[in-house]
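See structure below.
The values are calculated or read from the model by the stated rules, or taken from the named source; none is laboratory data. Model, not experiment: these values are computed from the prediction. For neighbour counting, all protein chains shown are included, and Cβ atoms are generated from backbone atoms with ideal geometry for every residue, glycine included.
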Amino acid sequence: MGKTQFYHLTPLSLHKDIKMVNFNEILTISLVLFAIIDVLGSIPVLVDIKKKIGYIPAGSATLFSGIIMLSFLFIGNALLKLIGLDVASFSVAGAIVIFIVGMEMVLNRNFFRDHDTDPKGSAVVPIAFPLIAGSGTLTTLISLRADYEVVNIIISILLNLALVYLVLKFIPTIEKWLGNTGISILRRVFGIILLAISVKMFTTNLAILFHNAITF
C-alpha cells in the first residue's frame, strides 16, 4: 500500500510543478529583470574594470551574481530584518555606491584605488554587486515574489544570468567593436544615467526612511 501511494503521488507532484511554470510570467519577469540589471548599459563600466584588472572573470561574476540573487529571493526579507535593516536602508546604501561609479565614468577619475581591485575580488565587487545583483535587482526580486510563482522567477533569473555571462565573456570583442571613441561616449552617457538612477533611488528611499522615522 505504501509503495502504491509513493508512485501515485510523484506524478501528481510533478504535474503541479509543471502547472506552476507559466511562460507569460517568465517573459514578464525576465523583461523586468533585464531592465533592472541593465547589463548592456553597464558595458562602459565593465570595460573600465577590464582595463584596471586585465580581464573580466565572467564565470565567477555570473556565479556570484546568481548566488546573491537566489539567496536574496528566498531569505532577503528575513536577512535584512535579522541585521536590523529594511529595504529602504539597503537601497540608499546601494544608491551611494552606484553614484560613485557614475561619477567615475563622467569625470574619468578613479575614486577607488586600482591596486585594491583584483580579478577575484572584482567578481564580487563591483561586478556581481552592485552592477548585476545590485540593490535595485534585489529589492525587485522581493517585490516579484509577492506576485509571481517562485519557479518562474528562478527561470527568469537563470535566463538573465545567461545573457550576463555572454556579455561579460565577450567584453574584449565588444570593446574592440566600439573603439575608444565609442566607449568614451558610452561611458559618459551611461555615467549620467547611473547618476540619475542613483539620485532617484536615494531620494525615494530616503523619503521612505524619514516617513518611517516620523511615524515610528
Segment 194-216 - residue that is surrounded by 14 or more Cβ atoms within 10 Å (Cβ to Cβ) and either at pLDDT below 80 or in contact with a Gly (Cβ under 8 Å, 6 or more places away or on another chain) (or both) and, of those, farthest from Ile36 (Cα to Cα): Asn205
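For segment 70-78, check the following and say yes or no: at least one residue is under 29 Å from Leu206 (Cα atoms) and at pLDDT below 80. Give the derivation first.
If we filter segment 70-78 for residues that are under 29 Å from Leu206 (Cα atoms), which is where we start, we get 70-78.
Retained after the next criterion (residues that are at pLDDT below 80): 77.
Within segment 70-78 (the criterion being under 29 Å from Leu206 (Cα atoms) and at pLDDT below 80), the answer is yes, since at least one residue qualifies.
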Total residues in segment 178-190, condition closer than 21 Å to Phe34 by Cβ and either buried (at least 16 other Cβ atoms within 10 Å of the Cβ) or among the aromatic types (Phe, Trp, Tyr) (or both): 3
Restricting segment 30-88 to residues that are among the charged types (D, E, K, R) and not in a helix (DSSP H, G or I), the one farthest from Ile127 (Cα to Cα) turns out to be Asp86
Could you grab the pairs with beta carbons closer than 8 Å, sequence gap of 6+ or different chains, first residue in segment 41-66 and hydrophobic (A, V, I, L, M, F, W, C), second one outside any helix (DSSP H, G or I)? Leu46/Ile56; Ile49/Ile56; Ile49/Thr117; Ile53/Thr117; Ile53/Asp118; Phe64/Ala133
Do any residues in segment 99-111 that are closer than 12 Å to Pro126 by Cβ have Cβ atoms under 6 Å from those of residues that are at pLDDT below 80 and aromatic (Phe, Trp, Tyr), where the two are at least six apart or on different chains, and which pairs are they? Ile100/Phe111; Glu104/Phe111
Flag if Gly136 is in a helix (DSSP H, G or I), modelled with pLDDT under 80 and crowded, with 18+ Cβ neighbours inside 10 Å: yes
